[in-house]
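Asker: Here you go, one structure.
Only the coordinates and a few stated rules stand behind these numbers; no lab work does. Everything numeric here is computed off the predicted structure, so don't read it as measured data. Neighbour counts are summed over all protein chains in view; Cβ atoms, including those assigned to glycine, are modelled from backbone coordinates with ideal geometry.
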Amino acid sequence: MQATNHFSRAANYTGRFAPSPTGPLHMGSLVAAMASYLDAQAQHGHWLVRIEDLDFDRNVPGADQQILHSLQRCGMQWDGEVVWQSRRQALYATALQQLGTQVYPCACSRKEIADSLLRSGATTGTAASQIYPGTCRHGLAAGKTPRAWRLRVPDGDAAVFRFTDRLCGPQVQNLATEVGDFVLKRADGFWAYQLAVVVDDAAQGMTHVVRGADLLDSTARQMYLQQLLGLPVPRYLHVPVVTNADGEKLSKQTGALAFDRGDNDLLHEALIPAARFLGLIIGDNITTIPAFWHAAISAWQRKLAQAGQQADPQLTSHGSG
Ligand SMILES: [Zn+2]
C-alpha cells in the first residue's frame with residue numbers, strides 16, 4: 001500500500017476523476033484524470049475516483065477494472081473507496097422526488113422534437129435546434145405516454161448563470177434561451193448524467209471539479225440543480241479536450257486507442273505527452289514516474305499562477321480577506 005495519499009490531508013479540497021467504463025482509458029481521458037489529480041495534489045487535497053456507469057448500453061464489462069489498473073500503473077493512487085454510480089440509483093430517485101413539480105414527464109420522441117423545432121423556424125445545425133421546445137411543459141397531450149422526465153428551467157434573469165472557471169475565466173449561460181428544459185431521467189429509463197453528477201459531487205463532498213472543456217456547457221445546468229436541491233457549488237476548472245485529426249473529441253466512438261498496453265513505457269508514451277498537452281513544462285531529464293509527478297505538480301502550480309487569480313482564492317489568499 002502506498003502511504004502518500006491519505007486522509008491526514010487538507011480537508012478543504014476534495015476533487016475527483018469520473019470515467020465512464022465504455023472502454024480502456026485513452027489519451028483524452030488521461031489528460032482529464034491528470035489535471036484533476038495534479039490539482040488535488042497541488043492543494044494537498046483528496047482525490048476520489050467515481051465510475052460513471054449509468055449508461056448500461058455503453059458499459060463494457062471489465063473496463064472499470066482496466067481503468068483503475070491503468071491509473072495505478074500511472075502512479076495515480078486515489079483516496080478512499082471507488083464509487084460506482086450504478087449502485088447509487090436510490091440517491092438519484094430521492095433527488096428527483098425532491099425536485100417536485102419542477103420536474104415533468106415528457107412524451108416527445110427525438111423526431112417529434114426535431115419536427116416541432118422545424119415548424120417553429122429554429123434553424124437546424126445551430127444551438128437553437130437542440131433546445132427542447134417545451135411541448136409537454138404544461139401537461140401531456142391526450143393519449144401520450146411519459147417517456148422521459150425533464151426539469152423546468154427558469155425564465156428571465158433567474159435563467160442566467162454565471163461563474164468563473166479557474167482556467168477559462170468568466171462564463172455565462174442562459175438556460176432558457178441556450179439550453180431549455182433538460183432531461184433528468186431518460187426515455188430508456190437511465191438516469192441522466194446531469195442529475196447523477198450533481199447528487200454525487202455533493203454526497204462525496206466535492207469542493208473542486210476539474211474536467212474536460214466538453215463539459216463546460218453542462219456547468220450552468222449543474223449549478224441550477226445545486227440551487228434547487230440546496231447543495232453547495234464546487235469550484236470548476238475545465239481543461240482543453242484532446243481531439244483527433246478530424247477535430248473530434250477522442251472517445252471510443254471516434255476510435256481512440258488505449259494508452260496502456262500492459263507493458264509499454266507509460267512515462268514517455270502517455271504521462272509526459274499528456275502533461276505537455278496540458279501546457280506543462282516537463283524537462284527531458286525525468287526518468288521515473290515518481291519524478292514525473294513531482295515535476296508535474298510544480299508545473300501545474302506555475303500554470304495556475306500564470307492563469308492569474310483563477311487559482312482558488314479560498315485556498316491561496318488565507319488571511320488577506
Ligand atoms: Zn415533450
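Asker: With a Förster radius of 51 Å, plug the Cβ-Cβ distance of residue 116 and residue 288 into 1/(1 + (r/R0)^6) and report the FRET value to the nearest 0.05.
Answerer: So the FRET efficiency works out to roughly 0.30.
Asker: Rounded, prolate or oblate for the chain? Axes are the square roots of the Cα gyration tensor eigenvalues, ordered a ≥ b ≥ c, and the cut-off for rounded is a/c under 1.5.
Answerer: Prolate shape, in that a/c is at least 1.5 and a/b is the bigger ratio.
Asker: Which residue, 176, 244, 161, has the largest displacement toward the positive end of the dipole of the chain when charges sit on each Cβ (Lys, Arg +1; Asp, Glu -1)?
Answerer: Projecting each Cα onto the dipole axis, the largest value belongs to 176.
Asker: With angles folded into 0 to 90 degrees, how steeply does helix 27-42 sit against the dominant principal axis of the chain? Use alpha carbons for both and round to 10.
Answerer: Helix 27-42 and the main axis of the chain meet at about 70 degrees.
Asker: Also, quick follow-up: Using only helices, what value at 222 nm comes out for the chain when you add -39,500 (n - 2.57) per DSSP H run of length 4 or more and divide by the total residues, to the nearest 500 deg cm²/dmol?
Answerer: Computed mean residue ellipticity for the chain: -9000 deg cm²/dmol.
Asker: Please give me the summed charge of the neighbours of residue 86: other residues whose Cβ is under 13 Å from its Cβ, Lys and Arg +1, Asp and Glu -1.
Answerer: That sum, taken over residues with Cβ under 13 Å, equals -2.
Asker: Now, a different point. Taking amide hydrogens as modeled 1.01 Å from N in the peptide plane, which residues meet the under 5 Å criterion relative to residue 14, leaving out close sequence neighbours?
Answerer: Sorted by chain and number, the residues that satisfy this are 46, 207, 208.
Asker: Extension gain residue 73-residue 306, at 0.36 nm per residue separation less the Cα-Cα distance, in nm?
Answerer: Using 0.36 nm per residue and subtracting the Cα-Cα distance, I get 80.8 nm.
Asker: Please list, or write none, the lysines whose alpha carbon is within less than 25 Å of the alpha carbon of residue 111, excluding same-chain residues fewer than 8 places away.
Answerer: Cα-Cα hits under 25 Å: 144, 185.
Asker: Dipole size in debye (nearest 20) for the chain around its Cα centre, Lys and Arg Cβ +1, Asp and Glu Cβ -1?
Answerer: 620 debye
Asker: Describe numerically, in nm with one decimal, the distance between label points set 7 Å from Cα along Cα→Cβ at residue 58 and at residue 177.
Answerer: 3.0 nm
Asker: What whole-number distance in Å separates the alpha-carbon centres of region 70-88 and region 144-206?
Answerer: 25 Å
Asker: Can you give the local net charge around residue 130? Use residues other than it whose beta-carbon is closer than 15 angstrom to its beta-carbon, Lys and Arg +1, Asp and Glu -1.
Answerer: Overall, the nearby charge balance is -2.
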